[in-house]
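Working notes, structure below.
Any read-out appearing in this document is the output of simple, stated calculations on the displayed coordinates, not a laboratory observation. This structure is a prediction, so every number in the text was calculated from the model and none was measured. Every residue, glycine as well, gets a Cβ built from its backbone with ideal geometry; the counts of neighbours run over all protein chains shown.
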Amino acid sequence: MRTAVFVLGALLVVGASPAHAQLGALGKLKKGADKAVDAKQKYDDYNITDQEEKDLGDQVSTKLREHFGVYQDEAVTKYVTLVGSALAQASKQPNYPWKFIVLDTDGVNAYAAPGGIVHVTRGLLGLMKNEAELAGVLGHEITHVTEKHTVDAIKQSKGISIAGEQAGGSDLRKQFLTKMAAAAFNKIFEGDFSQHDETQSDKIGVEVANKVGYAPTGLLDVLKKIEERNGSRQDRNGMFASHPAIKERIDTIQKQIASAKLTASATVASRYKQNITFDAKPITEIAADVEGASGLAAGDKKKDDDKKADDKKADDAKKDDGKKKGFGLSSITGGKQAQNNQQVASAGARGGVPDRDAKGGPNKNALGVKVTAAEVDTFKKGIAS
């Protein structure tokens, strides 16, 4: 209604002008109105509903499962789900439909999909040695979800468009969300989160773990183990990803624990050892699936021309964006920063980034493991004991 009044007022103003001036003024008004409509359409496009966010997460999780497979051990999955559920209850989104999936790969990694689906790899479980460490990792990934880091980053980038920019239509919306899901997967798989997002996930994740009763040093200990694991490497999986990014994160978390007086002390090592009976493989023993990983990271086997275009956009973004990128738990063992595409490509040529590009298992089906509120309450009693 306001738009109509505005246009009418504009017509009255230009009414006394010569015909050519009137047409020129109307043309400018139309262009301005079109821009306003386009801006509103963009705003509406990126403001997804809770259900759409869940659907995005489902699509991302499907891609992760298709690449890495799912570890078909119900006892291990239930154990991870119990730890994750205890933390989720203490998060800012306790009522999300949280799911916890163990990916069947020797790679050491973790991935959080929008809507509440958290993935940890079998390799990462083998690297950790107590429940506080697992709580630190899960708290970090849960925070990526509750703070909507993936979705917000895609919104801010405004990098998704539909050919023709037609207005409305369920098919167009579906196309938009499919593209958004692909962008979300790429960001999660590559660990391409900002330093702010990573710092926030570390901070809140540590607070949540401490709130539940776990020693807040759990995430610190995992970061130190990954730093040691990568110390002998010279490519993106090791030195470039681990130093000094992890050192900086360790220092920040240590200061947080001291200043906030986070004093929980439970590590629950014995229960962890009862449930996780395997160890992580050394990086040198991990078989890489470079072709499959690069196909996923490029968006389901894009054509070479599309991939080159994407790389150019990343390079352009690097020039325009002076913000320092951080390293998520899913990237400290080999994620991507826009300013380091050349290093990533070189690592791939030498056999891939082991923890990111590790081969996965054959079974892609998620286990239907569920836990009751009573089971979670009973489980939490074991944290304090």
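Below 12 angstrom from the Cβ of residue 252, what's the summed charge of the other residues (Lys, Arg +1; Asp, Glu -1)? If you can, show how the numbers build up before the last one.
Values: positive: 203, 247, 249, 255; negative: 198, 202, 248, 251.
Local net charge: 0.
In nm, give the distance between the simple-model label positions of residue 178 and residue 92, each being 7 Å from the Cα along the Cα-to-Cβ direction.
Calculated label separation equals 3.4 nm.
Counting other Cβ atoms within 10 Å, which trypsin sites (Lys or Arg not before Pro) in region 65-170 have at most 13 and lie in a DSSP loop?
The qualifying sites are 92, 158.
Residues with beta-carbon under 15 Å from that of residue 374, excluding residue 374: net charge, scoring Lys, Arg +1 and Asp, Glu -1? Walk me through the intermediate numbers first.
Numbers: positive: 78, 370, 380, 381; negative: 375, 377.
Within the 15 Å Cβ shell, the charges total +2.
Which links in 174/370; 179/203; 187/224 stretch past 27 Å when you go from one Cα to the other? Spell out each step's value before the answer.
Values: 174/370 30 Å; 179/203 31 Å; 187/224 24 Å.
174/370; 179/203, as the Cα separations exceed 27 Å there.
Cross-link list 225/247; 148/261; 129/225; 54/155: which exceed 21 angstrom alpha carbon to alpha carbon? The partial results should precede the final answer.
On the way: 225/247 12 Å; 148/261 27 Å; 129/225 10 Å; 54/155 16 Å.
Cα-Cα > 21 Å for 148/261; rest within.
Pop the C-beta distance of residue 247 and residue 365 into the FRET formula with R0 = 41 Å and round what comes out to the nearest 0.05.
E between residue 247 and residue 365, to the nearest 0.05, is 0.55.
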